[in-house]
Amino acid sequence: MEFKEKLKLYSAFADKTVCSYLPKADEMRSTIIESSDYSVVNGGKRLRPIMMMLSYQLIKGKTDELPGEEDMEILGPFMAALEMIHSSSLVHDDLPCMDNDTLRRGKPSTWAKFGEDMGTLAGDALLLYAFETAAKSKAKPSLSLNAMKVLAEKSGIYGMVGGQTLDVELTGRKPTRDQLVFIYENKTGALIEAAFMIGAILAGAGKRQTESLRKSALDIGMAFQIRDDILDVTSTEAELGKPIGSDSEIGKVTWLTVFGMAKSEKDVAKYTERAVKTVEKLGGHEFFEELLRYLVTRNN
Ligand code: GRG
């Protein structure tokens, strides 16, 4: 099967999995459920749950088929949980107190549609519902606990929130290279780390395998965020599904503004190739490697 066709298949599979775990309508809670579901349904590429699935397959050595029903009872709740946390971060990122964006995934952002109060609550709700969802996994309790710990850590102070905080603090100022690396590895890389690590942990990987995947996820986080900076300048609103030029508008200094286009493009390729090498060393996974390389040239 061609890469693009396979990507469609995996995206549809991840999307169906994620949506199957969303909270169901309920009279008294209709607003919070509607706004939370709205934030997750439609438009996301589902890259993190796909990466979790691929990391799981890599360790299991089952690289040419989608996970079966038994595997999905273990993996599905964590895939959904990670996408809920990712979506909750996008919801909060768009709020007036952060990036003040009214468009996300080609639709009005959650706060623009439901109001700032409900937007804030939807992000809160999704973040917590993610853990309620992850707890539904049929993984062995010791593996589940370990995966849950990674999920919490990589989302919070020692992960995405830690990175976002420094990013917000330094907006309008010129960060050092170390500060930029910290921001990218945490605000963007940490959830990718969670995807790679949780997939590996649930598949029964050893500490060394999990650690190699963790490091390659950080490389992908760097590549992904630098590519995001590039797209913020070179893409269109229609293609990205969100406004372009928003970094410079709020005075954000990025890898691209510090190092320029040529070096940024080179760095995206460098970080990606390093990550692909790790996947190769762990036994190889053709589609996983193709997906990582595709991220270098992605347009949305
Ligand atoms: C609610 C836990 C929590 C945290 C809030 C606002 C915030 C703290 C963090 C923001 C982190 C952030 C927006 C990082 C940027 C990561 C990034 C490049 C997102 C785009 O990911 P894609 O392209 O998006 O995978 P889709 O829409 O395809 O899912």
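The values are calculated or read from the model by the stated rules, or taken from the named source; none is laboratory data. Predicted, not measured: the structure shown is a model, and the values here were computed from it. Neighbour counts are summed over all protein chains in view; Cβ atoms, including those assigned to glycine, are modelled from backbone coordinates with ideal geometry.
Summary of values
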quantity: Residue selected from segment 43-96 under the condition of a type in the set (A, V, I, L, M) and outside any helix (DSSP H, G or I), by the criterion farthest from the ligand (Cβ to nearest atom); calculated: LEU66
quantity: Selected residue (criterion: surrounded by the most Cβ atoms within 10 Å (Cβ to Cβ)) from residues of segment 15-54 that are out of contact with any Gly (no Cβ under 9 Å at 6 or more places or on another chain) and among the small types (Gly, Ala, Ser); calculated: GLY44
quantity: Pairs with Cβ under 7 Å, 6+ apart, first in segment 183-195 and over 18 Å from PHE78 (Cβ atoms), second of a type in the set (A, V, I, L, M) and near the ligand (Cβ under 9 Å from one of its atoms); calculated: ASN186/MET160; LYS187/MET160
quantity: Members of segment 93-107 that are in contact (Cβ under 8 Å) with a residue 60 or more places away in the chain and of a type in the set (A, V, I, L, M); calculated: MET98, LEU103
quantity: Qualifying helices (runs of 4 or more DSSP H) (wholly inside segment 114-215; at least 1 residues being polar (S, T, N, Q) and either modelled with pLDDT of 95 or more or closer than 27 Å to VAL279 by Cβ (or both)); calculated: 116-134, 141-155, 160-169, 177-183
quantity: Residue count for segment 108-130, restricted to those that are in contact (Cβ under 8 Å) with a residue 12 or more places away in the chain and surrounded by fewer than 16 Cβ atoms within 10 Å (Cβ to Cβ); calculated: 2
quantity: Unique match (being more than 30 Å from LEU95 (Cβ to Cβ) and not charged (D, E, K, R)) among LEU240, LEU256, LEU231, LEU292; calculated: LEU292
quantity: Yes/no for ASP247 being among the charged types (D, E, K, R), within 30 Å of ALA200 (Cβ to Cβ) and in contact with a Ser or Thr (Cβ under 6 Å, 6 or more places away or on another chain); calculated: no
quantity: Checklist (1) buried (at least 18 other Cβ atoms within 10 Å of the Cβ); (2) free of Cβ contacts under 8 Å to residues at least 60 places away in the same chain; (3) more than 22 Å from LEU240 (Cα to Cα) applied to LEU90, failing item; calculated: (3)
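Quick grid of which residues meet (1) surrounded by fewer than 18 Cβ atoms within 10 Å (Cβ to Cβ); (2) among the hydroxyl-bearing types (Ser, Thr, Tyr):
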{"position": "THR254", "(1), (2)": "no, yes"}
{"position": "THR257", "(1), (2)": "yes, yes"}
{"position": "ALA262", "(1), (2)": "yes, no"}
{"position": "GLU265", "(1), (2)": "yes, no"}
{"position": "ARG274", "(1), (2)": "yes, no"}
{"position": "GLU280", "(1), (2)": "yes, no"}
{"position": "ASN299", "(1), (2)": "yes, no"}
